[in-house]
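What follows is a set of notes on a single structure, which appears directly below.
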Amino acid sequence: MTAQAMRQQGFRLSGYLLSVTVVLVVWQYLSARAIIPLLFPSPASTLTVGLKLLRSGQLGSDLQASLIRILAGFTLGSALGVTAGVFMGSFRAVGLFFEPYLQFLRFLPALAWIPPVMLWLGTGERSKVALLVYTTVFIVALNTMVGVASVPRNQLRAAQSFGLTRWEIFHMVKIPATVSHMLTGMRLAMGNCFMTVVAAELVASDSGLGYLIFSSRQWMQTELAFVGITILGLLGLISDRIFHVTTTRLLWRYARGQTGRVA
C-alpha cells in the first residue's frame, strides 16, 4: 500500500471515529434530558444490557437465526433474480411478457405479503425465507435486465465480426458486461433483506433480532430494542463491506465501473 493510500485510509478512519463519537455524545445528552429515561436509554445502559444478553447466549442465538435467514433468502433471491434478468434482457419477447409483473410486484412491500405467506407456508422458516427471497429477486432481476439490454451494439458487432456464435457472444460479451449491474442490484437488495427480516420475525417467531426488538415492548425494556437495532445495523454494515470488498477483488475486471459508485 502506497503512502498516499495509507493517508487516505487514515483520514477515512478518523472521519468514521469522529462521526461515531459525535453520535454517542448526542445520544447520551438526549437520554439524560429525556423526560422519561426508560423510553430513551443511554448508550451505557444499552451496552450493559447487550453484554448481559451476550453472556447469556441469547444475543448470539438471535444473531445467528437472523443471519441464516438473511443469507438463505438473499442467496436464493439473487440466483432467481439474475436468471430472470438475463432471460428478460436477452430475449425481447420474454422481457415484454414479464416486465409488467416485475414493475408491479417490485412496488409491493414484503410486509403486505405476510398474511398470505403465513397462510400458504405456515409460520416456520419457509415463510420467513420466502419473504426475503421476494424482497431480493425483483431488484436483482431489474438491474440485471437493464445491464444485459444496455450492452453497446458496437461491442456486439465487433464480436460478430470475429466469428463468435450467439452463445459465445452471450457468455463472453453480454454476461461480463452485466456483472456490475448484477452486483449493484445485489447490494441494494441486501439492504432490503435486513429491513424485511425484522418484519418477518415479528410474526410467530421466537428467535432473531426482529423478535428481540418486538419482544422488548412486553416488559417495557427499551434497551432490548436499542440493542437489536444497533446489532442489526452493524451486521448490515459489515455484510455490505464484506460483499463489496470480496466482489471487487474477485471480479475487479467487471465490477470496478459500477460498484465503486455505490460504496
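Every read-out reported here was derived from the displayed coordinates using simple, explicitly stated rules and does not represent laboratory data. Predicted model only: the values in this text are computed from it and were never measured. Cβ atoms come from the backbone with ideal geometry, glycine included; neighbour counts cover every protein chain shown.
How much length is gained if the chain between L67 and A93 is pulled fully straight, taking 0.36 nm per residue apart and subtracting their Cα-Cα distance, in nm to one decimal? List each step's numbers first, then the result.
Numbers: separation 26, 0.36 × 26 = 9.36 nm, distance 3.80 nm.
Gain in length upon complete extension: 5.6 nm.
What order, most packed first, do the peptides 67-76, 12-21 have when packing is the mean number of other Cβ atoms within 10 Å of each residue? Please report the intermediate quantities before stating the final value.
Values: 67-76: 19.3, 12-21: 10.0.
Taking the mean over residues of other Cβ atoms within 10 Å, the ranking is 67-76, 12-21.
So if the hydrodynamic radius of region 12-115 is defined as the Kirkwood radius over C-alpha pairs, what does Stokes-Einstein give as its diffusion coefficient at 20 °C and 1.002 mPa s, in µm² per second?
Details: Rh = 18.8 Å.
Translational D for this selection: 114 µm²/s.
State the answer as a single residue: which of L96, I114, T2 lies farthest towards the positive end of the charge dipole of the chain, with beta carbon charges of +1 for Lys and Arg and -1 for Asp and Glu, about the Cα centre.
T2
Enter the angle in degrees (range 0 to 90, nearest 10) between the Cα long axis of helix 222-250 and the first principal axis of the Cα atoms of the chain, meaning the one along which they spread out most.
Compared with the principal axis, the helix lies near 30 degrees.
Any idea what % of Cα-Cα pairs in the chain are farther than 33 Å?
Values: 12554 of 34453 pairs.
The calculated P(r) of the chain puts 36 percent of pairs beyond 33 Å.
For R157 and L234, what is the calculated FRET efficiency with R₀ set at 51 Å and r taken between the beta-carbons, to the nearest 0.05? Write out the running numbers ahead of the final one.
Numbers: r = 48 Å, r/R0 = 0.95.
E between R157 and L234, to the nearest 0.05, is 0.60.
Highest mean first, what order results for 81-88, 124-131 on Cβ atoms within 10 Å? The partial results should precede the final answer.
Working: 81-88: 21.9, 124-131: 20.1.
With the highest mean Cβ count within 10 Å placed first, the list reads 81-88, 124-131.
How long is the gain from L18 to L30 if the chain were fully straight, where each residue apart is worth 0.36 nm and the alpha carbon distance is subtracted? Working shown, then result.
Details: separation 12, 0.36 × 12 = 4.32 nm, distance 1.84 nm.
The span from L18 to L30 would gain 2.5 nm if fully extended.
In whole angstrom, how far apart do the alpha carbon centroids of region 68-89 and region 91-126 sit?
For region 68-89 versus region 91-126, the Cα centre distance is 13 Å.
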